[in-house]
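Have a look at the structure below, then the notes.
The values are calculated or read from the model by the stated rules, or taken from the named source; none is laboratory data. Owing to the predicted nature of the structure, the values given are computational and were not obtained by experimental measurement. Every residue, glycine among them, receives a Cβ derived from its backbone with ideal geometry; neighbour counts consider all protein chains shown. Just the protein is used for accessible areas: all its heavy atoms, side chains included, with ligands, DNA and RNA removed. Shrake-Rupley method; radii C 1.70, N 1.55, O 1.52, S 1.80 Å.
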Amino acid sequence: YFLDKSDKYDSRDVERLQQDDKWVENYLIWRHDVVDDTLKMIDESFQWRKEYTVNDLSESVLPKWLFEIGALFLHGYDKEGYKLFWFKVKHHTRDPKQQLDKKKLVAFWLEHYAKRDHGKPLTVVFDMAETGISHIDLDFVRFIVNCFTDYYPNFLTKIVIFEMPWIMNAAFKIVKGWLGPDAISMLKFTNKSDVQEYISGEYLPPHMGGTDSFKYSYPPLVDDDFQTPLCENGPITSEDEHESKEEIDADTKEAGELNEAQNLNQKKMNSIEQISKSEETDKTEVKPKNAKKALTTFKGPLLHISPAEELYFGSKETGEKKCLIVLTNVTKNVVAFKVRTTAPEKYRVKPSNSSCEPGTSLDIIVSLHGGFAASLQDRFLIMAAEMDQSSGAGVPELTQFWKEVPRTKVMEHRLRCHVIESSKPSSLTLKDNAFNIPAKTNEDLHIQLTHLLQINKRLEEQMNRCLWFQQLSVVLSLLSVTVAAFCFYLTYAQRS
């Protein structure tokens, strides 16, 4: 494919394919591990990516009015913790002159999210309230379907369709024909009474029976809805006012112990990595006292961040309420950072707005306070930017710095929450070490289950083929016996 069609691909996609195993794996999973089908999908998606200049799509190259109408945007999470991709159908009208720009807007959002959240699947919500026949655009719907079935592998968890008008039933019968059996199983037709089976009320607008007060506006670009940065010591409530100096000192000491444990455990992890490739990718954690810290590391251009993807909290039953984030400055300059969250009322972050000296590491303690419990929908955003050597690192200087720094120079990295539901040991404890390997996430189990179902489907297909060949063999055998008997009869008749 590369030799024959290299001029039809973007070289950046080819380079990524050669380096990103997860991307390749997603293509294989989506095509049931059939290599020829996988190659065909990669070929088609790469040609499409170049045709639509996906790698170069940005706000500046698309008409501003497309963002302003609010027909497409990312906001909130479903009950499984997957991001919601909203299609407000009432804001869409058929117009052939605008069709290409609208399709590029879909590609922009999908690519924007895929790069930002490392390809984590999302849930699509078609909000069809207040829609009618004038909003039906099968060409546009087919493009959206193709994006998930042909261009973005293993990127879709489900499609929630809210209050589809009866007049559109005929149109959706056509759409089902495009989806295929795997995608059809992801369709969830809902109304106000049952939509909360998939999305909790906190992320549903009032007309869908929810309590989300979010109002779409542009600019800025609707992103993860991270709220105002926490103050230096997190939110202060009456429950926190009695915190003594000894407790604060204990937190500081605990952070120092965790940092020393990280260095020791990292050395041990390097020797373990040679044992098994699967152990190399597992999320490993250290647990002195109540804090947990995964040893996987996100290696950004300014900061290395550990853990790389998830903060592990316990449920109300397990009582685990504290996590540690370790930031390491890999530049030659001071790096300013701040931490934002989707739930500032729940968490204390110390420090949440500070700086890190060149070549040093800094510990951030994230803790739940009061009677709150962590949720899969909670997210943290770490923002970082290099500061000039002449700039100070005090609170006034940092405040002014964040007002002036261009967005293009800001590194962003997101962490999601993982809730450990049981206090029973669910991980492998390594001898002479204090860190454990946590149980697989729901996403890992979902991928394994999907893989098993795919294997089962292939086995059924093979059995059906075997049965078909068996039946064909029986028919041919009977036919051969019949022909032989007939020939024998003719021979006998001629002799007599």
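Checking the range 146-160 against the condition returns a match, with at least one residue being part of a loop (DSSP other than H, G, I, E, B), at pLDDT below 90, open to solvent by 20 Å² or more (accessible area, probe 1.4 Å) and not β-branched (V, I, T). Of the residues making up the range 121-145, those that are farther than 29 Å from K50 by Cβ and part of a helix (DSSP H, G or I) number 3. The set of residues from the range 342-383 being modelled with pLDDT of 85 or more and among the charged types (D, E, K, R) comprises R348, K350, E357, D363. Test W109 against the stated conditions and say whether it is open to solvent by 50 Å² or more (accessible area, probe 1.4 Å) and out of contact with any His (no Cβ under 6 Å at 6 or more places or on another chain). For W109, the condition - open to solvent by 50 Å² or more (accessible area, probe 1.4 Å) and out of contact with any His (no Cβ under 6 Å at 6 or more places or on another chain) - is not met. Does G209 satisfy the condition of being modelled with pLDDT under 90 and either open to solvent by less than 80 Å² (accessible area, probe 1.4 Å) or in contact with a helix residue (DSSP H, G or I) (Cβ under 7 Å, 6 or more places away or on another chain) (or both)? For G209, the condition - modelled with pLDDT under 90 and either open to solvent by less than 80 Å² (accessible area, probe 1.4 Å) or in contact with a helix residue (DSSP H, G or I) (Cβ under 7 Å, 6 or more places away or on another chain) (or both) - is not met. Per the listing A129, A107, the residue uniquely small (G, A, S) and within 29 Å of L381 (Cα to Cα) is A107. Residues that are part of a loop (DSSP other than H, G, I, E, B), modelled with pLDDT of 50 or more and either of a type in the set (D, E, K, R) or not assigned by the TED database to the domain that holds Y347 (or both): does the range 278-290 have at least one? No, the range 278-290 contains no residue that is part of a loop (DSSP other than H, G, I, E, B), modelled with pLDDT of 50 or more and either of a type in the set (D, E, K, R) or not assigned by the TED database to the domain that holds Y347 (or both).
Condition check ((1) outside the structural domain of L122 (by the TED database); (2) surrounded by 16 or more Cβ atoms within 10 Å (Cβ to Cβ); (3) not hydrophobic (A, V, I, L, M, F, W, C)) across all residues:
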{"position": "E357", "(1), (2), (3)": "yes, no, yes"}
{"position": "L362", "(1), (2), (3)": "yes, yes, no"}
{"position": "F372", "(1), (2), (3)": "yes, no, no"}
{"position": "T399", "(1), (2), (3)": "yes, no, yes"}
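For the range 47-86, a residue qualifies if it is without any contact (Cβ under 8 Å) to a residue 40 or more places away in the chain, surrounded by 15 or more Cβ atoms within 10 Å (Cβ to Cβ), under 23 Å from the mean Cα position of the chain (by Cα) and not in a strand (DSSP E or B), and exactly one does: A71. Within the option set Q494, Q462, Q471, being outside any loop (DSSP other than H, G, I, E, B) and open to solvent by less than 100 Å² (accessible area, probe 1.4 Å) holds for one residue only, Q462.
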